[in-house]
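K.L.:
Structure below; questions to follow.
Read the figures in this text as sums done on the coordinates, not as results from a lab. Quick caveat: nothing in here was measured; it's all calculated off a predicted structure. So basically every Cβ, Gly included, is an ideal-geometry build from the backbone, and we count neighbours across all protein chains shown.
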Amino acid sequence: MAAWSPAAAAPLLRGIRGPPLVHCAQRMFASQTEGELKVTRILKEKFPGATAIKVTDISGGCGAMYEIQIESEEFKEKRTVQQHQMVNQALKEEIKGMHGLRIFTSVPKH
């Protein structure tokens, strides 16, 4: 088997600007991905009293892994594991297609 070389890869990479891995991982941060919007919409439906919801696709835009930050009164007097279980339950169908999920929950400070 021949060794990889930039010259051999050139036809495959034609039209890609910048290093290929960087190009693949880039995404526009001005707007949310479809996956981020979908997860945000579901969380807003399941936690209507939430004062803050932020969903970030941390997989480079492919939807494999998300970071969720949610602040809601519904988490008051619940342990962190219970708060996370509530978020997992809200997203149970979407989680089936994910590789990972980071959840950060909090109660609003008055």
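K.L.:
Which entries in the list LYS46/LYS76; LYS38/LYS109; LYS54/LYS78; LYS38/LYS78 go over 22 Å, if you measure between the two C-alpha atoms of each?
P.N.:
Pairs exceeding the cut-off: LYS38/LYS109; LYS38/LYS78.
K.L.:
For a protection proxy built on the mean count of beta-carbon atoms within 10 angstrom, sort 64-77, 84-97 highest first, please.
P.N.:
64-77, 84-97
K.L.:
Return the FRET efficiency for the residue pair GLU77, LEU37: r is the Cβ-Cβ distance, R0 is 41 Å, and the value is rounded to the nearest 0.05.
P.N.:
0.85
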